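Only one structure is covered here, and it is reproduced in the block below.
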Amino acid sequence: MVILLLPWVPVVFAFNYIASQMWSHITISPTASAGAHVFYYTGDFDRDGLKKHTWIRLPRQVPKNLVGTNCKPDCEPSREYSDVCLCNTIKKIACAEGDNLVAKNREFYCNNYPLGVSKTHSKKGVPLDSFEYEGIIPENHVFLMNEHKDSYDSRYYGLVSKNEITELVTPLF
């Protein structure tokens, strides 16, 4: 019996290895702002290949008054600043380098295509500043925006350097 199972040992080890590698790169969307998705993420990607409509993951400092004073369940308290939380956020590239971005009067357009609007207050009633910009997005920068009205994204904190993006994210379902 042992002799019959012996040829299957490498197959079982290979399957376990592949499963462990893949499962360690699976996450469920931590907030409603990215939608109800299960994502596969990888840190092995080409930053120069990032284009519009690509999902990415990056760490962001988010004011505690938007997340909650204890930063839980999706974030961690900052070690440097007492008023912010560190959050691994999942966002979509809405406008990329070389595109014309107009961010004016809380309305946002990429190449004259309407992206959406920013809110004056968070769902907790906190006043929100809106990013203002008119022009071509510079090299190595992107504008991030999720479709959810409560997403804390580039509408509020502005353009993001591609160097800040830590992972490429693919929705599985």
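The values are calculated or read from the model by the stated rules, or taken from the named source; none is laboratory data. Since this is a predicted model, take the numbers as computed values, not measurements. All Cβ positions, glycine included, derive from the backbone under ideal geometry; neighbour counts span all protein chains shown.
What to note about this one:
A quick yes/no check of all residues on (1) hydroxyl-bearing (S, T, Y); (2) at pLDDT 95 or above; (3) in contact with a His (Cβ under 6 Å, 6 or more places away or on another chain):
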position: G116; (1), (2), (3): no, yes, no
position: H141; (1), (2), (3): no, yes, no
position: K149; (1), (2), (3): no, no, no
position: Y152; (1), (2), (3): yes, no, no
position: V160; (1), (2), (3): no, yes, no
position: I165; (1), (2), (3): no, yes, no
position: T170; (1), (2), (3): yes, no, no
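- Pair list, Cβ < 8 Å and 6+ apart or interchain, from region 141-158 residues that are farther than 19 Å from N100 by Cα to residues that are charged (D, E, K, R) and surrounded by 24 or more Cβ atoms within 10 Å (Cβ to Cβ): S151/K91
- Selection within region 73-101 - among the basic types (K, R) and closer than 20 Å to H37 by Cα: K91, K92
- Residues of region 101-145 that are in contact with a Gly (Cβ under 7 Å, 6 or more places away or on another chain), in a strand (DSSP E or B) and among the β-branched types (V, I, T): I136 alone.
- If the condition is being over 20 Å from S151 (Cβ atoms) and either under 11 Å from the mean Cα position of the chain (by Cα) or surrounded by 15 or more Cβ atoms within 10 Å (Cβ to Cβ) (or both), then region 41-58 contributes only F45.
- Extreme residue, farthest from G49 (Cα to Cα), among residues of region 96-122 that are surrounded by 18 or more Cβ atoms within 10 Å (Cβ to Cβ) and out of contact with any Lys or Arg (no Cβ under 9 Å at 6 or more places or on another chain): V102
- For region 105-141, the tally of residues that are on the phi > 0 side of the Ramachandran plot and under 20 Å from the mean Cα position of the chain (by Cα) stands at 2.
Matching residues to (1) touching an Asp or Glu at 6+ places or on another chain (Cβ under 8 Å); (2) not hydroxyl-bearing (S, T, Y):
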site: L66; (1), (2): no, yes
site: K72; (1), (2): no, yes
site: R79; (1), (2): no, yes
site: C95; (1), (2): no, yes
site: C110; (1), (2): yes, yes
site: L115; (1), (2): no, yes
site: T120; (1), (2): no, no
site: V126; (1), (2): no, yes
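- Listed by first and then second residue, the pairs linking a residue in region 60-83 that is within 17 Å of S122 (Cβ to Cβ) and without any contact (Cβ under 8 Å) to a residue 40 or more places away in the chain to a residue that is in a loop (DSSP other than H, G, I, E, B) and among the acidic types (D, E), with Cβ atoms under 7 Å apart and 6 or more places separating them unless they lie on different chains, are K64/D83.
- Flag if T166 is touching a Pro at 6+ places or on another chain (Cβ under 8 Å), touching a residue at least 40 places away in the same chain (Cβ under 8 Å), of a type outside the set (A, V, I, L, M) and surrounded by fewer than 16 Cβ atoms within 10 Å (Cβ to Cβ): yes
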